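Worksheet: the structure to be examined is printed underneath.
The values are calculated or read from the model by the stated rules, or taken from the named source; none is laboratory data. Quick caveat: nothing in here was measured; it's all calculated off a predicted structure. Note that we place each Cβ from the backbone using ideal geometry, even for glycine, and neighbour counts take in every protein chain shown. Only protein heavy atoms, including side chains, enter the accessible area calculation; ligands, DNA and RNA are left aside. Shrake-Rupley method; radii C 1.70, N 1.55, O 1.52, S 1.80 Å.
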Amino acid sequence: MSHVFPRHTKADLPRAIAGDGCYLVDSNGKRYFDGSGGAAVSCLGHSDTAVIRAVQEQVGKLAFAHTGFLTSEPAEALAELLVVHAPGSLDRVYFVSGGSEATEAAIKLARQYHLERGEPERRHLIARRQSYHGNTLGALAAGGNAWRRQQFDPLLIGVSHIAPCYEYGDRAEGESAFDYGQRVANELKTEILRLGPETVMAFMAEPVVGATAGAVPAVEGYFKRIREICDDFGVLLILDEVMCGMGRTGHLFACEADGVEPDILCIAKGLGAGYQPIGAMLCSAEIYDTIAGGSGFFQHGHTYIGHPVATAAGLSVVTQMLGRDLISRCRDMGGQLQASLTDRFGDHPHVGDIRGRGLFRGIELVADRTTKAPFDPTRGLAAKVKRAAFDAGLICYPMSGTRDGQLGDHILLAPPFIITDAQIGEVVDKVDQAISVALALD
Ligand code: PLP
């Protein structure tokens, strides 16, 4: 009998015993193609020798040094490498152990920044519906994922949620993509004015919405308008690239594709590529200097921040991505994956949309392609697709609630950047099989 507290108490999970390139192997020898990198984590596959060596060497040299007393070489080197490539004026890196810690730190830093600038009334955070920023209470409050928030609602701080930028579902008939983007971006201005501009501290969004909506990028011009509105009202722009960052969309930082520079940026998942738990919050020189010239102390911290082994893994991962040109590869293979998915499912009666950037792709399943009507949620289609894919030896990330937390189903794909042409074929075949099996179950 197991004493592990699992995610689902009724699931009887196979035991993973090995990782081999893009595959995971269980104790019965069954191989699973990791088509979602777990949850967009394993960007280098499961047996990258350079990262494994970097981790082994670091743990043999220095396993841990508390950042209240000492800094370390890998933390310094990784911060330097990230800042050299980071957009705009991002200049400082606050290392944490995962995505929720990064977004939680971002919310607190935004608040402290305004306090130290002498604007203590700035306390409101605005985010978007159909988003996810993590599971700790602050991060959960920021997210607009109705299903994840529901039972904890009485514990959550008040955060306003404006519309997401979800062209497939929400662009009006006859409206151009650009006009649609401006319309939904302007909801930010309306909400800032409603709350009182002097009370708003930050706006938080995922450049490409991940698990909640299924790889949804914003339309052209949307984030530029968001940036303008934030600037007009002195509101900080926090971009959450925990899932879509670190090369996943074909850019080291996802916001490069949108041509915007945030004040605070959160990364995790692909930064450690699964070899170590690590995340980071990057902030602008202006924010850092305000704290440095004020209290000199960010009122935050966790025991494991800036962990030497975790930062050594992150350093090796980013060095691999840049040195082996894996981000261009991600962009190219992402284009191929999109083309293969479109080829296979472009006329499928129950595939409404195939979208995303790089190797971050979403397939939205619909009951009716013409009306875009979703399936009855009681059917639990996404869960059935997940099960059927797993049985076929494919790990992918289907979710329900694509539209509003309840309606809609999608499949998220985020395979390792080392995926080959033949493996793209394997993924598409297995997704096809899983959709057919799941649809036949009702
Ligand atoms: N932000 C986004 C966009 C995410 O996708 C996630 C996790 O899926 C998080 C934050 C939280 O990250 P973690 O699960 O590492 O705490």
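Quick one: which residue in Glu220, Glu256 is of a type in the set (Asp, Glu) and either more than 20 Å from Arg183 (Cα to Cα) or without any contact (Cβ under 8 Å) to a residue 24 or more places away in the chain (or both)?
Glu256
Listed here are the residues, each with its yes/no results for (1) buried (at least 22 other Cβ atoms within 10 Å of the Cβ); (2) within 19 Å of Gly21 (Cβ to Cβ); (3) modelled with pLDDT of 95 or more.
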site: Gly352; (1), (2), (3): yes, no, yes
site: Thr378; (1), (2), (3): no, no, yes
site: Ala388; (1), (2), (3): yes, no, yes
site: Cys396; (1), (2), (3): yes, yes, yes
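Restricting to region 212-240, name every residue that is crowded, with 23+ Cβ neighbours inside 10 Å and touching a Gly at 6+ places or on another chain (Cβ under 9 Å).
Result: Thr212, Ala213, Gly214, Ala215, Val216, Pro217, Ala218, Tyr222, Phe223, Leu239, Asp240.
Testing Thr67 on (1) in contact with a helix residue (DSSP H, G or I) (Cβ under 9 Å, 6 or more places away or on another chain); (2) in contact (Cβ under 8 Å) with a residue 60 or more places away in the chain; (3) assigned to a loop (DSSP other than H, G, I, E, B); (4) within 30 Å of Gly401 (Cα to Cα), one condition comes back false. Which one is that?
With respect to (1) in contact with a helix residue (DSSP H, G or I) (Cβ under 9 Å, 6 or more places away or on another chain); (2) in contact (Cβ under 8 Å) with a residue 60 or more places away in the chain; (3) assigned to a loop (DSSP other than H, G, I, E, B); (4) within 30 Å of Gly401 (Cα to Cα), Thr67 is out only on (4).
What do you reckon, is Pro277 open to solvent by 10 Å² or more (accessible area, probe 1.4 Å), within 14 Å of the ligand (Cβ to nearest atom) and in contact with a Ser or Thr (Cβ under 7 Å, 6 or more places away or on another chain)?
Here the answer is yes, as Pro277 does meet what is asked.
Away from the ligand (no atom under 13 Å from the Cβ), buried (at least 20 other Cβ atoms within 10 Å of the Cβ) and under 15 Å from Glu101 (Cα atoms): does that describe Gly334?
no
Does Val93 fit the bill of being open to solvent by less than 60 Å² (accessible area, probe 1.4 Å), at pLDDT 95 or above and either outside any helix (DSSP H, G or I) or not aliphatic (A, V, I, L, M) (or both)?
yes
Pull up region 25-47, narrow it to residues that are in contact (Cβ under 8 Å) with a residue 40 or more places away in the chain and over 22 Å from the mean Cα position of the chain (by Cα), then point me to the one that is nearest to Met243 (Cα to Cα).
Selected residue: Tyr32.
Among the residues of region 41-49, is there at least one that is open to solvent by 40 Å² or more (accessible area, probe 1.4 Å) and touching a strand residue (DSSP E or B) at 6+ places or on another chain (Cβ under 9 Å)?
Among the residues of region 41-49, at least one is open to solvent by 40 Å² or more (accessible area, probe 1.4 Å) and touching a strand residue (DSSP E or B) at 6+ places or on another chain (Cβ under 9 Å), which makes the answer yes.
Anything in region 145-167 that is at pLDDT 95 or above and under 20 Å from the mean Cα position of the chain (by Cα)? List them, or say none.
Val159, His161, Ile162, Ala163, Pro164, Cys165, Tyr166, Glu167
Scan Glu173, Glu76, Glu121, Glu101 and give me the residue that is closer than 21 Å to Ile264 by Cβ and without any contact (Cβ under 8 Å) to a residue 60 or more places away in the chain.
Exactly one residue qualifies, and that residue is Glu76.
May I ask you to verify whether Val209 is within 15 Å of the ligand (Cβ to nearest atom), open to solvent by less than 10 Å² (accessible area, probe 1.4 Å) and aliphatic (A, V, I, L, M)?
yes
All but one of (1) in contact with a His (Cβ under 7 Å, 6 or more places away or on another chain); (2) within 16 Å of the ligand (Cβ to nearest atom); (3) open to solvent by less than 70 Å² (accessible area, probe 1.4 Å) hold for Gly21; state the number of the condition that does not hold.
Answer for Gly21: the failing condition is (2).
Name every residue in region 367-413 that is in contact with a Pro (Cβ under 7 Å, 6 or more places away or on another chain), assigned to a loop (DSSP other than H, G, I, E, B) and small (Gly, Ala, Ser), in order of residue number.
Scanning region 367-413 gives Ala367, Gly408.
Do the conditions hold for Gly98, that is, is it within 14 Å of the ligand (Cβ to nearest atom), touching a Pro at 6+ places or on another chain (Cβ under 7 Å), modelled with pLDDT of 95 or more and more than 17 Å from Thr212 (Cβ to Cβ)?
It is true that Gly98 is within 14 Å of the ligand (Cβ to nearest atom), touching a Pro at 6+ places or on another chain (Cβ under 7 Å), modelled with pLDDT of 95 or more and more than 17 Å from Thr212 (Cβ to Cβ).
Can you tell me which condition Gly138 does not meet? The list is (1) part of a helix (DSSP H, G or I); (2) surrounded by fewer than 19 Cβ atoms within 10 Å (Cβ to Cβ); (3) within 16 Å of the ligand (Cβ to nearest atom), and all the others hold.
Of everything listed in (1) part of a helix (DSSP H, G or I); (2) surrounded by fewer than 19 Cβ atoms within 10 Å (Cβ to Cβ); (3) within 16 Å of the ligand (Cβ to nearest atom), Gly138 misses just condition (2).
Scan region 112-125 and tell me whether some residue there is within 16 Å of the ligand (Cβ to nearest atom), over 30 Å from Thr319 (Cβ atoms), open to solvent by less than 20 Å² (accessible area, probe 1.4 Å) and not in a loop (DSSP other than H, G, I, E, B).
yes
Quick one: would you say Leu109 is within 13 Å of the ligand (Cβ to nearest atom) and open to solvent by less than 60 Å² (accessible area, probe 1.4 Å)?
no
Suppose the filter is assigned by TED's automatic domain parsing to the domain that holds Ala285, modelled with pLDDT of 95 or more, crowded, with 16+ Cβ neighbours inside 10 Å and among the aromatic types (Phe, Trp, Tyr); does Phe64 pass it?
Considered against the rule, which asks whether it is assigned by TED's automatic domain parsing to the domain that holds Ala285, modelled with pLDDT of 95 or more, crowded, with 16+ Cβ neighbours inside 10 Å and among the aromatic types (Phe, Trp, Tyr), Phe64 comes out as no.
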